[in-house]
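Reviewing the structure listed below.
Any read-out appearing in this document is the output of simple, stated calculations on the displayed coordinates, not a laboratory observation. Computed from a predicted structure; not experimentally measured. Here the Cβ is made from the backbone with ideal geometry for all residues, glycine too, and neighbour counts use every protein chain on show.
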Amino acid sequence: MNDGNSDGIKIVAVLGTTRPGNFTAKALALVIDEIERQEDIAVDLIDPATMNLPLPGSSPESAATKTIQEIVSKATGVVFSTPEYHGSYSSAAKLIIENLGFPSVLAGKPVALMGVAAGQIGAIKALEHLRSVLSHVGAIVLPGPVSVAGVRNVFDDDGRCVDEAVEKMVRGVGTNLVEYIRGHVCPRVALEEMMRRGPALDWTPPESEQAAAPQ
Ligand SMILES: Cc1cc2nc3c(=O)[nH]c(=O)nc-3n(C[C@H](O)[C@H](O)[C@H](O)COP(=O)(O)O)c2cc1C
């Protein structure tokens, strides 16, 4: 992964399952790879299988809770992935959301969504439910969530995607988020910084322009 200490754009990729050998991680790896092609962007992964996230409200001061809140607070944007489990998004994804605080550190963050499902209908219901909850906590959920249907036929045993069209669609989750950030978040942050520093007050036009300026 690109260096997480970068002062540039920081993206957090959330893996919404702990199922061993899950296919969500295979799809998310493509999104991360796509984002990391851009050298000024660092990606952090939140993998709930490697954390000991407490049940909602049971241990708000836990180290894992603090860690994910800190990571997401610093993020410029988030990719949220989930499998479709029982007609919705996973409980692991919900546990991550519960641990991001109330109010949530996701508030105001652009979030791109991706869902995968074994079934042919795809992860439509998971994505709709996830969109609803993430909007509720104040995230800016980007349009165009990507749903991968029949995901178990899309990756080989080595985790390689065997369907070019699906791979393009999945990688698009990353490019859409980055385009949104470059087009909307970065200019806003730069403007805020400029307003704070007030360079316009110190700025003098180059001599050529001074001469041309009306008296
Ligand atoms: C608890 C559970 C519930 C599931 N429910 C659904 C479902 O409602 N619809 C569906 O298409 N697949 C369902 N699946 C299959 C997953 O979509 C499948 O495991 C797929 O590979 C994506 O999940 P993964 O990231 O765990 O691999 C379910 C799997 C589990 C473990």
Item to check | Thr175 paired with Ser62, simple spin-label distance in nm, labels 7 Å along Cα-to-beta-carbon | outcome: 3.9
Next on the checklist: Assuming a strict under-19 Å limit between Cα atoms, what lysine pair count do you get for the chain once near-sequence pairs (fewer than 8 apart, same chain) are dropped?
Outcome noted: 10
Checklist outcome for this item: Given Cβ charges of +1 for Lys and Arg and -1 for Asp and Glu, the option among Ala117, Met194, Phe80 whose Cα lies farthest towards the positive end of the dipole of the chain is Ala117
Item to check | Angle in degrees between helix 164-180 and the longest Cα principal axis of the chain, rounded to the nearest 10 | outcome: 40
Checklist outcome for this item: Relative contact order in percent for the range 9-201 (Cα pairs under 8 Å, 6+ apart) equals 23
Next on the checklist: Along its three principal axes, how long is the chain when you only count alpha carbons? Whole Å, largest extent first please.
Outcome noted: 73, 44, 30
Checklist entry - Once phi is turned into θ = phi - 60°, what whole-Hz ³J(HN,Hα) does the Karplus curve with 6.51, -1.76 and 1.60 give for every residue of the range 64-69, x standing for Gly and Pro? => result 5, 4, 4, 4, 5, 5
Checklist entry - By counting other Cβ atoms within 10 Å of each Cβ, how are Met194, Met114 ranked from fewest to most? => result Met194, Met114
Item to check | Degrees separating the helix 24-35 axis from the principal Cα axis of the chain, which is the longest one | outcome: 20
Item to check | Placed amide H near Ile46: partners under 5 Å, 5+ positions off or other chain | outcome: Ala13, Val14, Leu15
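Could you line up Asp157, Asp33, Asp44 from fewest to most neighbouring Cβ atoms inside 10 Å?
Asp157, Asp33, Asp44
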Item to check | Given charges at beta-carbon only (K, R positive; D, E negative), |dipole| of the chain in Debye | outcome: 760
Checklist outcome for this item: Between Arg160 and Arg19, the FRET efficiency computed from the C-beta separation at R0 = 25 Å comes out, to the nearest 0.05, as 0.80
